1. Add +1 for every Lys or Arg and -1 for every Asp or Glu among the other residues with Cβ under 11 Å from the Cβ of residue 14, and state the total.
2. Under 12 Å from the 7 Å Cα→Cβ point of residue 58, by amide nitrogen: which residues of the range 83-115?
3. For residue 35, what charge total do you get from the other residues with a beta carbon under 13 Å from its beta carbon, if Lys and Arg give +1 and Asp and Glu give -1?
4. What order do 61, 54 take when sorted by accessible area (1.4 Å probe), most exposed first?
5. Report the residue, chosen from 31, 102, 69, that carries the largest GNM mean-square fluctuation when the chain is represented by alpha-carbon nodes joined by springs under 10 Å.
6. Given the -39500 (n - 2.57) contribution per DSSP H run of 4+ residues, what per-residue ellipticity at 222 nm results for the chain, rounded to the nearest 500 deg cm²/dmol?
7. Quick one: among 91, 60, 49, which has the greatest mean-square fluctuation in a GNM of the chain with alpha-carbon springs under 10 angstrom?
8. Work out from phi, with θ = phi - 60° and the Karplus expression 6.51 cos²θ - 1.76 cosθ + 1.60, the ³J(HN,Hα) of each residue of the range 51-64, listed in order in whole Hz, and give x for Gly and Pro.
Amino acid sequence: QVQLVESGGGLVQPGGSLRLSCVTSRSIFSIYTMGWYRQAPGKQRELVATSTSDSRTVYADSVKGRFTISRDNTKNTVYLDMNNLKPEDTAVYFCRAFRYSIEYWGQGTQVTVSS
């Protein structure tokens, strides 16, 4: 059974930073595109950033210049570094692995940006 395990969420003040991590198996990480998505209360889940197996990245316009997605091939882990956080970044953040029509999701980690 494929597992994606996220960590790193929490409460942070506006302007602060957090790093999210998502670890999975080597067989998944090496060939799947890895991505971060988020879902705020009452809203649809939305793309935050994705990184292909060869580290090509895509970002939502709302996070460009503030968030960075990266992959550590030695740890089978994808990271989301979030800087200059805003209250509107508050959401549950989900890790996703996908390739063609196959996808896997993590359980989500809460990020709350509030003073």
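1. Computed value for this residue: -1.
2. 98-100
3. My count for the surroundings of residue 35 gives +3.
4. Descending order: 61, 54.
5. Of 31, 102, 69, the most mobile in the Gaussian network model is 102.
6. -500 deg cm²/dmol
7. Of 91, 60, 49, the Gaussian network model singles out 60 as fluctuating most.
8. Once rounded to whole Hz, the list reads 9, 6, 5, 9, 6, 7, 10, 9, 10, 5, 4, 5, 10, 4.
The values are calculated or read from the model by the stated rules, or taken from the named source; none is laboratory data. Quick caveat, the model's predicted, so the values are computed rather than measured. A quick note on method: Cβ atoms are made from the backbone with ideal geometry, for glycine too, and the neighbour counts reach across all protein chains shown. Only protein heavy atoms, including side chains, enter the accessible area calculation; ligands, DNA and RNA are left aside. Shrake-Rupley method; radii C 1.70, N 1.55, O 1.52, S 1.80 Å.
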